[in-house]
1. Can you tell me the dipole magnitude for the chain around its Cα centre, using point charges on the Cβ only (Lys, Arg +1; Asp, Glu -1), in Debye to the nearest 20?
2. Quick check on packing: order 68-79, 136-147, 192-203, 121-132 by the mean number of other C-beta atoms within 10 Å, highest mean leading.
3. With θ set to phi - 60°, apply the Karplus curve 6.51 cos²θ - 1.76 cosθ + 1.60 along segment 67-81 and write out the HN-Hα couplings as whole Hz, x wherever there is a Gly or Pro.
4. How much length would be gained if the chain were fully extended between Ser287 and Gln186, taking 0.36 nm per residue of separation minus their Cα-Cα distance, in nm to one decimal?
5. Once you place label points 7 Å from the Cα toward the Cβ at Ala119 and Ala259, how far apart are they in nm?
6. Show that you can apply the helix-only estimate: for the chain, add -39,500 (n - 2.57) for every DSSP H stretch of four or more residues, divide by all residues, and state [θ] at 222 nm to the nearest 500.
7. Using θ = phi - 60° and the Karplus form 6.51 cos²θ - 1.76 cosθ + 1.60, what ³J(HN,Hα) does each residue of segment 150-165 get, whole Hz, x for Gly and Pro?
8. For Gln47, put the label point 7 Å out on the Cα→Cβ axis and report which residues of segment 316-335 keep their amide N under 20 Å from it.
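The values are calculated or read from the model by the stated rules, or taken from the named source; none is laboratory data. Everything numeric in this text was worked out from a predicted model, so none of it was measured. Note that each Cβ is placed from the backbone with ideal geometry, even for glycine, and that neighbours are counted across all protein chains shown. Side chains are part of the model used for accessible areas, which takes the heavy atoms of the whole protein and leaves out ligands, DNA and RNA. Shrake-Rupley method; radii C 1.70, N 1.55, O 1.52, S 1.80 Å.
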Amino acid sequence: MSRYGIAGHAANALGSLTAEEVDFLRDLPKAELHAHLNGCIPISLLQKLANEADLSSSAVGSDVVKAGIERLKAGVELNEINDFFGLFPAIYALTASPATLAEATRAVLAQFLEPDPLAPRGQPMAAYLELRTTPRATQAMSRREYLEAVLAEVERYPPTRAALIVSLDRRMDASAAEEVVGLAVQLKQEGRRVVGVDLCGDPLAGNMADFEQFFRRAKEAGLGVTLHIAETPDNTHEDTLKLLSFKPDRLGHATFLDANARDAVFSNNACVEICLTSNLLCKTASSLEQHHIRHYLEANHPIAICTDDTLPFRNNLLGEYALLLAKAPLGLGLTRTDVERISAMSMASRFAVPASRPMV
Ligand code: 6MZ
């Protein structure tokens, strides 16, 4: 771990900057638009939850949980993206009650939104956070109770700082997907801070045509739609075009688009959520040099720089911005003006944008 509390690519990029450059990055108002709740729990809290947990009643045994936490502490080696999804059963066993889920949510919100003790003026990582999570029914709570526990924490912050995106997992069957979208719509109608829906999970699972009606319903209810799309080279052209036909407002990753699909994205202007460290560690981008962010920068297409899962990727939002500013090969070597413009694009791409938002 570096003195910034992170490791790997983002830590190296941050370490290469002058104190003045780091301060410049800290001062930029940044919106974190792609962060998965259970992927962003601080390791210290996970360890504490593991020590306190009675795992005998859990579907996941204590050995699996302990092994999972040791793996996370050591820094995960992912040979391919599929290795990544195996990290979650251990985490899920520890956030299976309303109390532990609330504690985890509080810690994740604090990590992004509370003053950073390492920053000279306490600048937080993010000016605004749209946290996303997949509601799970467990022995101790229903999906609605799951969302209520998370929302109660999100709503401690003003609407200008935090909101919730409800994720659908590609592995969900139709009845689960219907329930989850129904809950997102219902909670929004009750005035709760749900601003959008997401599609995530194993990028090769599920038949996307089955999800169409659920995203249409979300759009009709005024929710923003963001979809993980073309995350791996094995995602088919049909899968990608089907998802684009849902007319999403934003896209997660959008890594392996062919020329046709990329043209469609350029023309509908959907903001692309870019997660640099995540793509490097999951090996869906071989280097920063080869990263698809370059296509979007060249086309001046809206993007938002995001962390994805700070727990396994051991990154933070400041480090991800450092990857933009640091000189090659540690970073992309962009100018301050470019980085400023990118942070403004993230703020302009929030689902809950104030009516008087400045245009970029
Ligand atoms: C696809 C991802 C992901 O929802 O339980 N998730 N899905 N691609 C990714 N990129 C690497 N990172 C995280 O948070 C954890 C869940 O988010 C999804 C996975 O389904 C994971 O189980 P929540 O809060």
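1. The calculated dipole for the chain is roughly 740 debye.
2. Details: 68-79: 14.5, 136-147: 16.5, 192-203: 23.0, 121-132: 21.2.
Highest mean packing first, the order is 192-203, 121-132, 136-147, 68-79.
3. With the stated coefficients, segment 67-81 comes to 4, x, 5, 4, 4, 5, 5, 6, x, 6, 9, 10, 8, 7, 4 Hz.
4. Details: separation 101, 0.36 × 101 = 36.36 nm, distance 4.24 nm.
Separation in residues times 0.36 nm, less the Cα-Cα distance, equals 32.1 nm.
5. Each label point is offset 7 Å from its Cα along the Cβ direction, giving 4.3 nm.
6. On the way: 17 runs with 161 residues, N = 360.
One gets -13000 deg cm²/dmol as the mean residue ellipticity at 222 nm.
7. 5, 4, 4, 6, 4, 6, 5, 9, x, x, 6, 10, 8, 8, 10, 10
8. 316
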